[in-house]
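What follows draws every value from the coordinates through simple rules; no lab data is involved. None of these values were measured; they are calculated from a predicted model. Because the Cβ atoms are built from the backbone with ideal geometry, glycine has one as well, and the counts that use them run over all protein chains shown.
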């Protein structure tokens, strides 16, 4: 076999379908070139490296699973969704990777809506089914006695608060006694709640609807001082226009980044 392999050979080595291989290539996750006849060829060393890892560790596994999860959210009953979600962290590796799958499924839903491939009614139904299934999953994750307490809040303007709900799942899976605060709480009122709350961590979630960095900086600045004074760790999460390097706290653009932040906080 040469240093480059065909799509058929790549599917045999990785145990996935040709559509998946081509999607990974289109996403820039597999180095490839096209022959004079238009056929793709993939670097053998990359394929062999992927073949050595379980599916949960493959870089495109999240994207590949996201479309399936969109279909589950659209088509399954709530009971079936709850059962699937209960198994998801074992299949994905942990709740952080599971949340990445679910979040990417919602991104896929957003692209479908933007392309007019689904209605606003279907969009809302899929979103609320995810929220209900995620809420049930979070409730089933019992925090150990004496667990550190954490509050997760979606910023005003985040109608559904999907990011906050998925962050709660991650934090509860990591052993925190995590609660979700609904969106719409002004920064000043949230800051007034913190003294004496006994919180170890406050996670703020801002979706990609929050495109104004000045507004987000003002919101986080009102809270950061109180967090520092009360020794409460602060996480600024989601795709909103937070500062890349906040004066206090951690900036997390993904659930993988959230895992890293939790590890650093736990090591203090």
* the stretch 126-207, relative contact order [Cα under 8 Å, separation at least 6], % -> 40
* Asked: Bin by bin, in steps of 10 Å, what percent of the Cα pairs in the chain do you find, going until the bin that has the longest distance?
  -> 6, 27, 30, 22, 11, 3, 0
* Asked: Assuming R0 = 35 Å, what is the FRET efficiency of residue 197 and residue 51, from their Cβ-Cβ distance, to the nearest 0.05?
  -> 0.10
* Can you tell me the 0 to 90 degree angle between the C-alpha axis of helix 95-114 and the longest principal axis of the chain, rounded to 10? => 80
* Given Cα pairs under 8 Å that are at least 6 residues apart, what percent is the relative contact order of the chain? -> 13
* Asked: What FRET efficiency do you get for residue 147 and residue 189 if R0 is 25 Å and r is their Cβ-Cβ distance, rounded to the nearest 0.05?
  -> 0.45
* Say each of residue 241 and residue 8 gets a label point 7 Å from the Cα, pointing the same way as Cα to Cβ; how far apart are those two points in nm? -> 5.2
* **Separation in nanometres of the label points that stand 7 Å from Cα toward Cβ, at residue 113 and residue 79** => 2.9
* Nearest 5 is fine: what % of DSSP beta bridges in the chain come out antiparallel, could you say? => 25
* Taking all pairs of different Cα atoms in the stretch 75-150, averaging 1/r and flipping that mean, what Kirkwood radius in angstroms comes out? -> 13.8
* What angle, in degrees between 0 and 90 and rounded to the nearest 10, separates the Cα long axis of helix 162-173 from the longest principal axis of the Cα atoms of the chain? -> 90
* Report the FRET efficiency, 1/(1 + (r/R0)^6), for residue 39 and residue 67, where r is their Cβ-Cβ distance and R0 is 30 Å, rounded to 0.05. => 0.75
* Within a Gaussian network of the chain (alpha carbon springs, distance under 10 Å), most fluctuating of 140, 45, 231 -> 45
* On Cα atoms only, tilt of 213-229 relative to the major axis of the chain in degrees -> 60
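When the Kirkwood radius is taken over all Cα pairs of the stretch 126-268, what Stokes-Einstein diffusion coefficient follows at 10 °C and 1.306 mPa s, in µm²/s?
Rounded, D is 105 µm²/s.
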* In a Gaussian network model over the chain where Cα atoms closer than 10 Å are linked, find which of 157, 38, 196 has the largest mean-square fluctuation. => 38
* Just 148, 114, 133 to compare: in a GNM of the chain, with alpha carbon springs under 10 Å, which one fluctuates most? -> 114
* Over the chain: helical MRE at 222 nm, DSSP H runs n ≥ 4 each giving -39500 (n - 2.57), nearest 500 -> -17000 deg cm²/dmol
* **Diffusion constant of the stretch 184-268 at 4 °C, which comes from Stokes-Einstein with the Kirkwood Cα-pair radius and 1.567 mPa s, µm²/s** => 99
* Mean separation of Cα pairs under 8 Å and 6+ residues apart, divided by the residue count of the stretch 149-266: what relative contact order is that in percent? -> 25
* Separation between the residue 212 and residue 139 pseudo-spin-labels, each 7 Å from Cα along Cα→Cβ, expressed in nm? -> 3.7
